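Just so it is clear, none of the values below were taken in a lab; they were calculated from the coordinates. Bear in mind the structure is a predicted one, so any value in this text is a computation, not a measurement. Counting neighbours? That spans all protein chains shown, and the Cβs are built from the backbone with ideal geometry, glycine included.
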Amino acid sequence: MTMRSPRAVVSSLVFVAVSVPVLAFAGPAAGTGVTEIVLPGAPSEGVSLDYLAADRARHRVWVPAGGTGGVVVIDTETRKVHRIGGFPVAEMERNGRKRIVGPSSATVGSGFVYVGDRADSSVCAVNAKSLKRGGCVTLSSMPDGLAYVASTQEVWVTAPRERAILVLDVSHPAQPKPAGRIALVGDPEGYAVDDAHGVFYTNYEDQDRTLRIAIPSRTVTATWEPACGEDGPRGLVLSADGRFLMVACPDHLESLAAAADGRILSTLPTGAGVDNLDYLPSRRAVYAAAAADAVLTVATLDEEGALHAAASLTTSQGARNAVVTDDGDAYVACGPKGKILIVRPALDPAGAH
């Protein structure tokens, strides 16, 4: 997800939280179990969407909505939509194509949600309850993924342009501040945090490698080979006990022996275009949305680390990066249509392996 530098910031950092009535709800295809929420302010050509964040404790999904200059917060119980506006946006060129970018990632911390913005390389704190903003910090490089590390009260930011992880101190949750840099030798992509064992995971997308990093010492302690191919590994999720690490390859899932030697235990096809993943511990279920093949795959993880296909549902071209609520609903970013798809797979809560 490395991107070229923005040409110009075209809005100032003034945050406004507003409530917006629930917008369109309509299934894109009959019988798929899919409904839609149109993102406020989305232009007809779509929105640049990347990482979403599920705040399961507060029944909310956070959607950094790129070039709209806003973050959309969806109440997953009522489907009410709130928009926090005023984030910086900028014109950027990638692969010869210009687009407007802005907020692109979020992670849920202790009472605050942290939002990364590609337009000005900032990370800002937003109160998770009131939706009022706190302080912001400007990074040395454009943020990609954000991960809250509860054990150290930090936010770790993957920065592929800098080949580094940038660490923020959020011990004062409303005021993030720089707290260090972990130099890497590849482009970090994806993240998973094992607070109980003091471990952070990321990938080298450009080298087809998965890293285990000790959180206290900030040192790489293992490098594994997920065998995703030349397009490299993408997102990561971890089982609740820390034994198994699920890796998103562009067209399949893998389960690695995280508590041992990182060997591949299981693979499962997903369709093409998988990026980030999510995991629902109560059902031992992994959710992977394939953008190119327009399908959401749900897999269950057994006690030996094997993945088993549980559901496959049609979504829409470009739909990716699902996050899941406690009741098993997947919220999927569909940037080309400027929408969030809500998918409810027919899963048996007792059916996990």
field: Residues with amide H under 5 Å from that of Asp55, placed H, sequence gap 5 or more
entry: Arg60, Val61, Trp62
- prompt: Dipole of the range 111-169, Cα-centred, from +1 at each Lys and Arg C-beta and -1 at each Asp and Glu C-beta, to the nearest 20 debye?
  reply: 180
message: Restricted to Cα positions, what overall size does the chain have along the principal axes? Three whole-Å values, descending.
response: 50, 50, 40
- request: Report the calculated FRET efficiency for His308 and Glu77 (r = Cβ-Cβ distance, R0 = 22 Å), to the nearest 0.05.
  value: 0.15
- line: Between Thr138 and Arg263, Cβ-based FRET efficiency (R0 45 Å, step 0.05) works out to 0.65
- request: Sticking with the crude label model, points 7 Å out along Cα→Cβ, report the distance from Lys177 to Ala222 in nm, one decimal please.
  value: 3.6
GNM result for the chain, Cα springs below 10 Å: residue of Ala42, Ala53, Ala309 fluctuating most strongly: Ala309
- prompt: In sequence order, what are the phi-derived ³J(HN,Hα) couplings for the range 222-228 according to the Karplus relation 6.51 cos²θ - 1.76 cosθ + 1.60 with θ = phi - 60°, rounded to whole Hz, with x for glycine and proline?
  reply: 7, 10, 10, 10, x, 6, 7
field: Candidate lysines - alpha carbon under 24 Å from Lys80, same-chain residues fewer than 8 apart omitted
entry: Lys129, Lys132, Lys337, Lys339
- request: Consider all pairwise Cα distances in the range 255-313 and report the whole-number % of them above 19 Å.
  value: 29
